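The structure under discussion appears below in the form of structure tokens.
The values are calculated or read from the model by the stated rules, or taken from the named source; none is laboratory data. Given the structure is predicted, the values throughout are model-derived calculations rather than measurements. Counting neighbours? That spans all protein chains shown, and the Cβs are built from the backbone with ideal geometry, glycine included. When the accessible area is computed, the model is the full protein with side chains, heavy atoms only, and any ligands, DNA or RNA have been set aside. Shrake-Rupley method; radii C 1.70, N 1.55, O 1.52, S 1.80 Å.
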Amino acid sequence: MEVFGLIGKTLSHSLSPIIHKFVYEMLNLEATYSLYQVRPDMLDAAIQGIRALDLRGVNVTIPYKIKVMESLDRISLEAEKIGAVNTILNDGNSLIGYNTDYFGFGKLLDKYNIKTAGKTAVVLGSGGAAKSITAYLQDTGISELFIVSREPNKIGHSYNCNVINYKQLSLINQASLLINCTPIGMSPNSGSAPVSKCEIEKFESVVDLIYNPLHTQLMTQAIELGIPAYNGLYMLVSQAVAAIEIWYSFSISEDIVHKVYDKLIQYLKE
Ligand code: NAP
């Protein structure tokens, strides 16, 4: 029996155990997935514990995606570029960090047939998720990219693209894709949206990385304007499946991702 898990600070609402359970069942994998709430001063000890206990891998979440990199032996190309790790593989006692949010976002774009090469995109927020999304968009040929931050000056040069504030968003006339990478609209504050309808109407499609609720206020406003809008649940499932692919070193068909996603929607509605 393989033991996997998630290392983070506060994990009681995590959907990861149920997503992993669904995948393990569908693929007949003898595996379990546990939640490990770790204190900041115990992070390195917990990571070294992966070696001591000979676990094959773990996921890492807020607030440790950056700090955890100090405890690893190697970092993959995409995680190095992003500056954050959410998946660790124990490869013969060598701990390697990956970022599967990057791949999960790509799968979400594919599912909803959103094309970004040669287009303009606007990313709201400048945190960990925004870093994965901008790295993916830049690696796949986005033509123009804007990060919208409450405090652009504080971000400095950590982003290799235009960083603007929310007022400057009104200067952009038209763009293809708006991506919400802020927590605005997330449960229990689901009544709010990060931008108003007059900003949303400039876009051809909207992606909200939030998955709780499944239908955010931002998505509602976009759909009222006739603009297609999608939540982050498919990305969440895809990043989990990408982690399992790394741990087992085999590829998992998109059909499995679709089935897990449908099962998860059903589970969330019950
Ligand atoms: P994070 O590191 O805390 O970053 C969030 C960013 O949003 C902050 O850097 C901040 O940027 C902005 N922000 C924070 N509070 C705000 C507020 N009150 N008003 C306006 N902007 C605010 O969080 P994260 O890990 O990037 O996650 C962001 C969202 O993405 C969360 O809702 C998370 O659940 C979701 N997410 C989803 C997936 C998925 O698989 N679907 C994966 C990762 C994250 P500025 O200070 O520059 O404004």
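Of the conditions (1) in contact with a helix residue (DSSP H, G or I) (Cβ under 7 Å, 6 or more places away or on another chain); (2) open to solvent by 10 Å² or more (accessible area, probe 1.4 Å); (3) among the polar types (S, T, N, Q); (4) at pLDDT 95 or above, Ser126 fails just one. Which one is it?
(4)
May I ask you to verify whether Arg51 is touching a residue at least 40 places away in the same chain (Cβ under 8 Å), out of contact with any helix residue (DSSP H, G or I) (no Cβ under 7 Å at 6 or more places or on another chain) and not assigned by TED's automatic domain parsing to the domain that holds Lys131?
Yes.
Just to verify a result, which residue in the range 79-96, among those that are touching a strand residue (DSSP E or B) at 6+ places or on another chain (Cβ under 7 Å) and not in a strand (DSSP E or B), is surrounded by the fewest Cβ atoms within 10 Å (Cβ to Cβ)?
Ala79
For the range 148-228, please list each of the strands (runs of 3 or more DSSP E) lying entirely inside it that holds at least 1 residues being out of contact with any Pro (no Cβ under 6 Å at 6 or more places or on another chain), of a type in the set (D, E, K, R) and free of Cβ contacts under 8 Å to residues at least 60 places away in the same chain.
Fully inside the range 148-228 and qualifying: 203-208.
Taking Pro183 and the conditions (1) within 10 Å of the ligand (Cβ to nearest atom); (2) closer than 19 Å to Asp262 by Cα, which numbered condition does it fall short on, given that it satisfies the others?
(2)
Mind telling me which of the residues Ile75, Ile66 ends up being within 16 Å of the ligand (Cβ to nearest atom), open to solvent by 30 Å² or more (accessible area, probe 1.4 Å) and within 21 Å of Asp44 (Cα to Cα)?
Among Ile75, Ile66, only Ile66 is within 16 Å of the ligand (Cβ to nearest atom), open to solvent by 30 Å² or more (accessible area, probe 1.4 Å) and within 21 Å of Asp44 (Cα to Cα).
Residues of the range 142-180 being hydroxyl-bearing (Ser, Thr, Tyr) and more than 13 Å from the ligand (Cβ to nearest atom), which ones?
Ser143, Ser170, Ser176
With respect to the numbered conditions (1) open to solvent by 50 Å² or more (accessible area, probe 1.4 Å); (2) farther than 14 Å from Ile88 by Cβ, which one is the sole condition not fulfilled by Leu53?
Of everything listed in (1) open to solvent by 50 Å² or more (accessible area, probe 1.4 Å); (2) farther than 14 Å from Ile88 by Cβ, Leu53 misses just condition (2).
Scan Ser192, Ser238, Ser205 and give me the residue that is in the same structural domain as Asp262 (by TED's automatic domain parsing), among the hydroxyl-bearing types (Ser, Thr, Tyr) and either more than 14 Å from the ligand (Cβ to nearest atom) or in contact with a Gly (Cβ under 7 Å, 6 or more places away or on another chain) (or both). Spell out how you get there, then give the answer.
Values: Ser192 fails: in the same structural domain as Asp262 (by TED's automatic domain parsing); Ser205 fails: in the same structural domain as Asp262 (by TED's automatic domain parsing).
The match here is Ser238.
Which residues, taken from the range 97-114, are in a strand (DSSP E or B) and open to solvent by 10 Å² or more (accessible area, probe 1.4 Å)? Please lay out each step first, then the result.
Step one: of the range 97-114, the residues in a strand (DSSP E or B) are 97-98.
Tyr98 - this is the single residue of the range 97-114 that is in a strand (DSSP E or B) and open to solvent by 10 Å² or more (accessible area, probe 1.4 Å).
Just name the residue that is surrounded by the most Cβ atoms within 10 Å (Cβ to Cβ) out of those in the range 229-270 that are in a helix (DSSP H, G or I) and of a type in the set (Asp, Glu).
Of everything passing the filter in the range 229-270, Glu245 is surrounded by the most Cβ atoms within 10 Å (Cβ to Cβ).
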